[in-house]
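See below for the structure under consideration.
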Amino acid sequence: MNAFIQDLPKVELHLHIEGSLEPELLFKLAQRNGISLPYASPEALRTAYDFEDLQSFLDIYYQGANALITEQDFYDLTWAYLERCKADNVIHTEIFFDPQTHTERGIAFETVIKGIHRALQDGETTLNITSQIIMCFLRHLSEDSAIETLKQALPYKEFIVGVGLDSSEQGYPPEKFVRVFKMAKEHGFLTVAHAGEEGPAQNIVDAIELLGVSRVDHGVRCVESDELVARLIETKMPLTVCPLSNIKLCVFDDMSQHNIVSLLRKGVAVTINSDDPAYFGGYMTDNFKAVSEAHDMTHQELAQLTINAIDASFIDESTKREYRSRVIDYVARFS
Ligand code: ADE
Ligand code: ZN
């Protein structure tokens, strides 16, 4: 099964680029930028990655992002992630970035977006990986700050396909961002939102109804409402599920308790994603393997996860058709 997973074409729809900053690169950037770190080595930093919930992770994640200063830093970060994509046969990726994490500490929006965009362009030409960028608003910051961030994004509109919502879910419900999401839609951005990761099923309903999202990020707490699960199936609403993340942040006790496979078998459009792979112990292949090791899955079910991701992606229909046939050919060849 692991050989099947290794070469299975994959599509990632939930990846925070700042969460792909490996300790080794973090140390290299900190040295390049003259920043001192409260850890002696990358190994010592890695031992601090022991989280009890989302907030305990976010505190360390925002600290790590402080090492990113120049356009070249954002390029190097994105390029390192794309090389991991290549190794895992990720053929398309839609990456999140958190502009406010950088603009709040004086880094220009332009510096961040240009570095990420240039690396993604090189990834397309030299690694043959297609991609999109989604910018997320931090839900623990104000609505005004989100609106200001949207304004900063407008000159780079052609680089950004959509807007999302991330950071602490508890206490910061979707309704706080109704106006800025409406403005973003008027400017032509698609919308997604983290909901039902740590927060209740009602956040998923509100993300759909109040923010008009095309996908729900995480969404695993949908099982608290049978009516909501039925609606997700009926409307084919995709969930970008992040299995290793959910274990690391104690959303589930262990992978055998995870609900992704039971949701898949019910007909929910679930997908597998890595979220913040440098912090959660694995990229796409690792996530697929962890799920398949804990649940007895067929080749067809594993391939369905990629088909769901292709269907849910923000790429054009002809590329979707080409990617679907790559997956179907792969399964046929393997059997
Ligand atoms: N930012 C980075 N990773 C996140 C996650 N899993 N949930 C919410 N915000 C995030
Ligand atoms: Zn996330």
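Values quoted throughout were computed directly from the atomic coordinates according to the rules given, and no laboratory measurement underlies them. Just so it is clear, the structure is predicted and the values come from calculations on it, not from any experiment. Heads up, the Cβs are rebuilt from the backbone with ideal geometry, glycines too, and the neighbour counts pull from every protein chain shown.
Centre-to-centre separation between the Cα atoms of region 143-203 and those of region 312-332: 28 Å.
Rounded, prolate or oblate, given the Cα gyration tensor of region 43-183, with a/c below 1.5 counting as rounded? Taking the square roots of the gyration eigenvalues as a ≥ b ≥ c, region 43-183 is oblate. What is the sum of charges, Lys and Arg at +1 and Asp and Glu at -1, for the other residues whose Cβ falls under 9 Å from the Cβ of LEU13? Net local charge, LEU13 excluded: -2.
Per-residue packing, averaged as other Cβ atoms within 10 Å, sorts the ranges 185-193, 100-108, 306-314 into the order 306-314, 185-193, 100-108, beginning with the highest.
When each full DSSP H helix of the chain is screened for a Cα extent of at least 27 Å along its own axis and an average Kyte-Doolittle hydropathy of at least -0.5, none passes. The value of relative contact order for the chain, using C-alpha pairs under 8 Å at least six residues apart, is 20 percent. Amide H contacts of LEU190: GLY162, VAL163, each under 5 Å away and 5 or more positions distant or on a separate chain (H built 1.01 Å from N in the peptide plane; Pro and chain starts excluded). Each of PHE288, PHE27 was scored by other Cβ atoms within 10 Å of its Cβ. Listed from fewest to most, they are PHE27, PHE288.
Which of rounded, prolate or oblate describes region 30-87 when judged by the alpha-carbon gyration tensor and an a/c cut-off of 1.5?
Numbers: a/c = 1.75, a/b = 1.25, b/c = 1.40.
It comes out oblate by the Cα gyration axes.
Enumerate the amide H contacts of ARG215 below 5 Å, restricted to partners 5 or more residues apart or on another chain; note that Pro and chain-start residues carry no placed amide H. Here ALA193 satisfy the definition.
Averaging the sequence gap over all C-alpha pairs within less than 8 Å and six or more residues apart, then dividing by the number of residues, gives region 65-167 a relative contact order of 32 percent. Annotation: peptides 123-133, 57-67, 85-95, 33-43, ranked by per-residue average of other Cβ atoms within 10 Å with the highest first, follow the order 85-95, 57-67, 123-133, 33-43.
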